[in-house]
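In what follows, a structure is listed as structure tokens, so that the remarks can point back to it.
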Amino acid sequence: MNADDARTLLRTTLHQIAPEADLDDVGPDETLQEALDLDSIDVLNLVVGLHDATGVDIPERDYPQLTTVEGCVAYLVAATGGPATS
Amino acid sequence: MGAFTMPSLGADMDAGTVTRWLVAPGDAVHRGDVVAVVDTEKSEIEVEVFEDGVVEELVVPEGVEVPVGTVLATIAAGRRDESGGGGTPAPETAAVPAPPPPTSAPPPPGPGVPGVTAGAAIGAGEGADRVHSPVVRRLAADLGVDLGSVAGTGPGGTVTRSDVEAAARLAPPATSAPPAPPAPASPPVPARAPVPVAPAPHAGPARARSSPYARRLAAGAGVHVGALVGSGPGGAVVAEDVIAALASGGAAPQAPASPAGPAAPPAGPAAPVAPAAPSTESTSREDRAARLRRAIGNLMSRSKREIPHYYLATTVDLSSARTWLDEVNASRPVTDRLVMGTLLLAAAARAVAAVPEVNGSYQDGVFTPSPSVHLGVAISLRTGGVLAPAIHDADTKSVDELMAALSDLVKRARGGVLRGTELADATLTVTNLGDLGVDEVQGVIFPPQVALVGYGRVSERPMVAGGQVVARTAVTVTLAADHRVSDGHRGGRYLAEIDRLLQRPEDL
């Protein structure tokens, strides 16, 4: 999975959890949770959604790496053995 | 025969609209089946049926707003089905009693004579069940005719199909000038203006008939019903036609006489073509947010007006709960993990056993404790507003079951489809604002409930343990409770019980 795939996956997964949320509204420094007003259930559903799509089992201790859009993308690319770009 | 009525989905609901029927006449239904989707001020709700049987007739068509208690459909207890069975639309002609020759009938009683004004099919009126045939009632509903204002020429003064058609012709929807009068804000009580009976076919201008709901929709959108092609019975314009017209972009107000120019006001120099077709979706979404806000306002005003609230707060050490949760989650695949919120819900539900006075309803001066705990969970909608659907029997569910129920509920609340019983029957509500970083909540009770539990942020804070100040994971729990039912002493006992339960998370 490359960075574009990861971004697309993040977008579609978020859309299922928070249809009103728009990834484009999230600045590079903002956390997804605050920018999109996600609660802990949403965050868990996001992780579950990413897991279902990629098969990657994301341990709780890795959650902090998923707080921003870029963090999520980088994590997914690395976890799926994709090209280390972007 | 049973009647399936518009349910009250909360203390603040007085009307609803069936947006979709999920069953047809002839379908077998069982208690608990979802048979319709109802649009309320709050949300789209899936409504369940409470008996077994066969759907006999759908009395209220899709798209018509009716008061709570209105018969929406009739359900026959057995398999037998008299008219229009087999799932097909009723063969209308067959079931209509032929109007007797005018001469043989007793002089038609004037409008308003008791026994004839059986009440409209829409807007309630049990008498209608007995007096008019289902087909006639359906036709009247479709054509927007108030049966109560039509004098019948049938046997015993019943209203026949031709009476309804005649009345519909006599009282066409406003076809001139401004489309339909401004819609009344309250549930549509069919116009009571008595319509004289015209046994002979009326030769008046056969303008488009339309359903009341279609007219209101059209009025709201500035569309002229007369300019639309109806797809309803007898060419009547129904709500779907209005919605289709809006969606197709030909929605700009149309003059009936000039169907030519689709939506382009030639004048208005810089005027962007009138916000022509505001997508119905976004419009209804805005509407819903506004209506939800009003519904919440009404309910909370009532709460503050009627309920003598008292408030308590305590801080609960969650160190053991945190440790337990981390261990459990570490050993579980991502799909089976728990969130702290689930433990907090479990504790609130289980603690009821020690202090039942916080669980139930207060109505007409009487508190009725509930034998089960249907735990309402306040869920904020990102479009604005809050819903508090219930997790049924939360006190007997395992933490895993609660987690699944919570996750499902959050998804559906935000997706906009909840079950009727979920919104109607919570016996105690929990609000958890911790994810927003709020330290504590002073809640407002949802009437007719008698208590609301509030959880703030779960965070590390300085606490004293063993004579030393140490950092502990903790949460502030609050209780807003009804003084007509309990006192601070009992409320405090309830919070203490929550604390005790959260110290032994493995037992939850």
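The values are calculated or read from the model by the stated rules, or taken from the named source; none is laboratory data. Note that the structure is a prediction, hence the values are computed from the model and not measured. Quick reminder, even Gly has a Cβ in these numbers, built from the backbone with ideal geometry, and neighbours come from all protein chains shown.
Within the stretch A:22-29, is even one residue over 30 Å from B:Tyr455 (Cβ atoms) and touching a residue at least 12 places away in the same chain (Cβ under 8 Å)?
Step one: of the stretch A:22-29, the residues over 30 Å from B:Tyr455 (Cβ atoms) are A:24, A:28.
Pick out the ones that are also touching a residue at least 12 places away in the same chain (Cβ under 8 Å) and you get A:28.
Checked against the condition, which is being over 30 Å from B:Tyr455 (Cβ atoms) and touching a residue at least 12 places away in the same chain (Cβ under 8 Å), the stretch A:22-29 yields at least one hit.
Please go through the stretch B:416-434 and give me each residue that is within 13 Å of chain A (Cβ to nearest Cβ), of a type outside the set (Val, Ile, Thr) and surrounded by fewer than 21 Cβ atoms within 10 Å (Cβ to Cβ), ordered by number. Break it down stepwise before answering.
Our first condition is that a residue be within 13 Å of chain A (Cβ to nearest Cβ); within the stretch B:416-434, this holds for B:416-417, B:431-434.
If we keep only those that are of a type outside the set (Val, Ile, Thr) as well, we get B:416, B:432-434.
B:Gly416, B:Leu433, listed by residue number.
Write out, first by first residue and then by second, each pair whose Cβ atoms fall under 6 Å of each other, whose residues are 6+ apart or on separate chains, and whose first residue, in the stretch B:327-339, is facing chain A (nearest Cβ under 7 Å) while the second is in a helix (DSSP H, G or I).
B:Asn329/A:Glu60; B:Val334/A:Val47; B:Val334/A:Val48; B:Val334/A:His51; B:Thr335/A:Val48; B:Arg337/B:Asn329; B:Val339/A:Ser40; B:Val339/A:Leu44
Under 7 Å between Cβ atoms, which residue pairs at least 6 apart in sequence (or on different chains) link something in the stretch B:341-369 that is closer than 20 Å to B:Asp425 by Cβ and not assigned by TED's automatic domain parsing to the domain that holds B:Leu318 with a partner that is β-branched (Val, Ile, Thr) and modelled with pLDDT under 95?
Within 7 Å, no pair qualifies.
Can you tell me how many residues in the stretch A:56-69 are in contact (Cβ under 8 Å) with a residue 24 or more places away in the chain and loosely packed, with under 15 Cβ neighbours inside 10 Å? Break it down into steps so the answer makes sense when it comes.
Step one: list which residues in the stretch A:56-69 are in contact (Cβ under 8 Å) with a residue 24 or more places away in the chain, which gives A:56, A:66-69.
Cutting the leftovers down to loosely packed, with under 15 Cβ neighbours inside 10 Å gives us none.
Of the residues in that region, 0 qualify.
With (1) closer than 27 Å to B:Thr383 by Cα; (2) within 14 Å of chain B (Cβ to nearest Cβ) as the list, and A:Arg11 as the residue in question, which single condition is left unmet?
Unmet condition: (2).
Condition first: within 8 Å of chain B (Cβ to nearest Cβ), in a helix (DSSP H, G or I) and exposed (fewer than 15 other Cβ atoms within 10 Å of the Cβ). Can you find one or more residues in the stretch A:25-35 that meet it?
no
Could you pull out the residue among B:Ala404, B:Ala413, B:Ala390 that is within 17 Å of the chain's Cα centre (by Cα), of a type in the set (A, V, I, L, M, F, W, C) and within 14 Å of chain A (Cβ to nearest Cβ)?
Only one candidate qualifies: B:Ala413.
Given (1) within 14 Å of another protein chain (Cβ to nearest Cβ); (2) surrounded by 16 or more Cβ atoms within 10 Å (Cβ to Cβ); (3) more than 13 Å from the chain's Cα centre (by Cα), identify the lone condition not met by A:Ile17.
A:Ile17 satisfies all of (1) within 14 Å of another protein chain (Cβ to nearest Cβ); (2) surrounded by 16 or more Cβ atoms within 10 Å (Cβ to Cβ); (3) more than 13 Å from the chain's Cα centre (by Cα) except (3).
For the stretch B:450-461, name all the residues that are of a type outside the set (Phe, Trp, Tyr) and either in contact with a helix residue (DSSP H, G or I) (Cβ under 8 Å, 6 or more places away or on another chain) or modelled with pLDDT under 95 (or both). Steps first, answer last, please.
Narrowing the stretch B:450-461 to residues of a type outside the set (Phe, Trp, Tyr): B:450-454, B:456-461.
Result: B:Val450, B:Ala451, B:Val453, B:Gly456, B:Arg457, B:Val458, B:Ser459, B:Glu460, B:Arg461.
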